[in-house]
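Below is one structure, written out as structure tokens; comments come after it.
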Amino acid sequence: MRTAYPVETVRAAERELMARVPEGALMQRAAAGLAVVCAEVLGKVYGSRVVLLVGSGDNGGDALYAGARLARRGAGVSAVLLSPERVHEGGVAAFRAAGGRVVATGGAEGVLRRADLVVDGIVGIGGKGGLRAPAAELAASVRELRTPVVAVDLPSGVDADSGVVVGEAVRADVTVTFGVHKPGLLIDPGREYAGVVRLVDIGLELGAGAGAGAGGGVGGVEALQYADVASLLPMPTGESDKYRRGVVGIVAGSARYPGAAVLAVAGALRGGAGAVRYVGHAADAVIARFPETLVSAGPPSKAGRVQAWVVGPGLGDDAERLADVVGADVPVLIDADGLRLADAGAVRGRAAPTLLTPHAGEAAALLGVAREEVERGRLDAVRELAGRYGATVLLKGSTTLVADPGGREGPVRVNPTGTPWLATAGSGDVLSGLAGALLAAGLGARDAGSVGAYLHGLAGRRAADGAPVGAHDVAEAIPLAWRDVRGD
């Protein structure tokens, strides 16, 4: 599991460690790791030209000490000091002693145009509210020049706790982060600005629960890795039958959107369901494509035994069947039209687990805000929805997030897999079927959503392979993703 911790948690761990090590030791460890990565990006240090963008405080100090190390190896290093009166004194002294050159902000344009590498040390993890002049102008200039950029701990202008970007921000090719990951490095739009993230160990010690609830009630973020997903995948045994493997019911599709039902069933079957019961208006299309499907005229409560329900893809305005499913005493996944039709009070009142799977537009409608607000603050949005509905929420998008109904206190899972080619019609229907199959197999809502998103992202990569892909291709690639995770 990759865990990202809130700023206040990181700060507390740093204070505890600094009390036990010699003064300045943490900054030297950070600077050493930063200098190593800068050297790797340059390829050849001697004779290269490096420009440091240096803000006040420890972030600027890290950049200056790393610049001093590069200067001692023969690089020509210039430091643009944005706040000379508040620069890290020890760092600038070491930088000058190593032969580094200090440049006023007025001379920044000239050195930047000749640079082989830019090191962003403007603002650290404590920065809030976006960059102000002249930092914003420098960030814009660096972007236009397209010189390789290494960010110190976090790209300046990205909120460390949420990934929110307000106005201008530095776009890094590589971000060297210290001690632990920060949520803003894993969540878009911040993730897009971070580039490749390199973690440098500086000796921080954080317990397993340190990311949850720390930092003024803002929980941390965690991302499943291959081993985590492999340990959660439901595997049949010699004693398995279709019920032990899980029977998932799917209420989806309509005369207008029969394909949604077909794709949801595809996701469920390829996701390991022992059987799929289908209730809806697209039975002929479903049976034609998947004759193993158990079709019922409904209502859902009369369709037969299931261990979980998926309701909503392509459903249209069939509120009656949705209400029947929401009243069931088994786990329920609600997607697409189901989100629009669902009564919030009825969802909150459910005793069995509920998983909601909105995209940004659907989440915005549920929250009563503009879509842009959700996309700017995905972490806040998914937590708010989970709290309002008393349900686990999987917020789809460039960064898919999964939050439990604990609201703002619990850690949120971020999905590390996927490809932009997954932004195609029907892809979400496949994910709903897949996650529903995992619910039916016995996974909790949080694990079913997280594992489903992980496999769906891998399947998208497999199916696309750098080219356009259809949702049916993604469904067909789910077994390949499953084997990848299992190492088979």
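The values are calculated or read from the model by the stated rules, or taken from the named source; none is laboratory data. All values derive from a computational prediction rather than experimental measurement. Every residue, glycine among them, receives a Cβ derived from its backbone with ideal geometry; neighbour counts consider all protein chains shown. Accessible surface is based on the protein model in full, side chains and every heavy atom, while ligands, DNA and RNA are left aside. Shrake-Rupley method; radii C 1.70, N 1.55, O 1.52, S 1.80 Å.
If you filter the stretch 91-109 down to residues that are under 37 Å from the mean Cα position of the chain (by Cα) and among the small types (Gly, Ala, Ser), you find that the one that is nearest to residue 60 (Cα to Cα) is 91. The condition of being in contact (Cβ under 8 Å) with a residue 40 or more places away in the chain and either assigned to a helix (DSSP H, G or I) or among the polar types (S, T, N, Q) (or both) holds for only one of 115, 66, that being 66.
Of all residues in the stretch 37-55, those being free of Cβ contacts under 8 Å to residues at least 60 places away in the same chain and either open to solvent by less than 10 Å² (accessible area, probe 1.4 Å) or on the phi < 0 side of the Ramachandran plot (or both) number 5. Scanning the stretch 351-360 for any residue that is surrounded by 14 or more Cβ atoms within 10 Å (Cβ to Cβ), hydroxyl-bearing (Ser, Thr, Tyr) and assigned to a loop (DSSP other than H, G, I, E, B) turns up at least one such residue. Where helices (runs of 4 or more DSSP H) fall entirely within the stretch 401-488, those with at least 1 residues that are among the basic types (Lys, Arg) are at 445-464, 471-486. All conditions in (1) under 20 Å from residue 314 (Cβ atoms); (2) open to solvent by less than 40 Å² (accessible area, probe 1.4 Å) hold for residue 230, with the sole exception of (1).
Evaluate the stretch 282-304: report whether one residue or more is touching a residue at least 60 places away in the same chain (Cβ under 8 Å), touching a Leu at 6+ places or on another chain (Cβ under 9 Å) and of a type in the set (S, T, N, Q). No.
Scanning the stretch 1-36 for residues that are open to solvent by 70 Å² or more (accessible area, probe 1.4 Å) and in contact with an Asp or Glu (Cβ under 7 Å, 6 or more places away or on another chain) yields 1, 2. Residue 118 falls short of the stated requirement of being at negative phi and either out of contact with any Pro (no Cβ under 8 Å at 6 or more places or on another chain) or open to solvent by 20 Å² or more (accessible area, probe 1.4 Å) (or both).
Every listed requirement among (1) surrounded by fewer than 23 Cβ atoms within 10 Å (Cβ to Cβ); (2) touching a residue at least 24 places away in the same chain (Cβ under 8 Å); (3) under 20 Å from residue 245 (Cα atoms) is met by residue 332 save one, (1).
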